[in-house]
1. Which residue is surrounded by the fewest Cβ atoms within 10 Å (Cβ to Cβ), if the candidates are limited to segment 36-51 and must be over 19 Å from residue 26 (Cα atoms) and in contact with a helix residue (DSSP H, G or I) (Cβ under 8 Å, 6 or more places away or on another chain)?
2. Within segment 6-20, how many residues are surrounded by 12 or more Cβ atoms within 10 Å (Cβ to Cβ) and assigned to a loop (DSSP other than H, G, I, E, B)?
3. Of all residues in segment 34-59, which are closer than 18 Å to residue 11 by Cα and not in a helix (DSSP H, G or I)?
């Protein structure tokens, strides 16, 4: 899945959301003011897999 679900309860976000792995952007870390949520290991793994699929890196990375 290229857009894993981010549960508000699990991530401490204001509402349920999706990680848009098909909309990769670069943002200067100076623009961040404060943390808005938390990503734990399993969820971060789902986002990693979404990025690998979208960027077609399956041949280069072990899933």
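Only the coordinates and a few stated rules stand behind these numbers; no lab work does. This one's a predicted model, so the numbers in the text were calculated from it and none came from an experiment. As a convention, Cβ positions derive from the backbone with ideal geometry for all residues, glycine included, and neighbour counts pool all protein chains shown.
1. 40
2. Matching residues across segment 6-20 total 6.
3. Hits for segment 34-59 are 34, 35, 36, 37, 38, 39, 40.
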